[in-house]
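The values are calculated or read from the model by the stated rules, or taken from the named source; none is laboratory data. Predicted model, so just to flag it, every value in this text is computed and none were measured. Please note: Cβ atoms are built from the backbone with ideal geometry, for glycine as well, and neighbour counts cover all protein chains shown.
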Amino acid sequence: MLFKLLLVACGGFFGSIARFWISNELNKHLIGTWLANITGSLLLAIIFRLYVNELVSDSIWLFVGVGYCGAYTTFSTFGKETITLLVEKEYVKASLYVIGSLFISFVFVVFVVIW
């Protein structure tokens, strides 16, 4: 069990660093969160598909799927940015942000699962 926890923790370490880097490179704009959530959803779908088909080990799943993707994607920041847009009365931008994030992530996941 300790080894599994270490795998998740190490994956989370690298995922959080990647998320922080994207945020800084894009000057903490919405696009950073959007990009992290979209690419994280795609990566999670791919690694999940490989895991379900027994093409990657439990260790890879825990490190990449649970740890890395869990830390790399960021629902809390997505929620905060959406609320900020709504408070600033940027209703169209908030709607596009939410719909775009959810729709594109969902399409990627469906494509990978069906593929």
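Worth a mention:
- Unmet criterion (only one of (1) closer than 20 Å to Phe108 by Cα; (2) surrounded by 12 or more Cβ atoms within 10 Å (Cβ to Cβ); (3) not charged (D, E, K, R)) for Ala9: (1)
Residue-by-condition table, conditions (1) surrounded by fewer than 18 Cβ atoms within 10 Å (Cβ to Cβ); (2) modelled with pLDDT under 90:
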| position | (1), (2) |
| --- | --- |
| Ala36 | no, no |
| Asp58 | yes, no |
| Trp61 | no, no |
| Tyr68 | no, no |
| Phe75 | yes, yes |
| Gly100 | yes, no |
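- Only listed residue being in a helix (DSSP H, G or I), in contact with a Lys or Arg (Cβ under 8 Å, 6 or more places away or on another chain) and more than 28 Å from Met1 (Cα to Cα), chosen from Ala36, Ala71: Ala36
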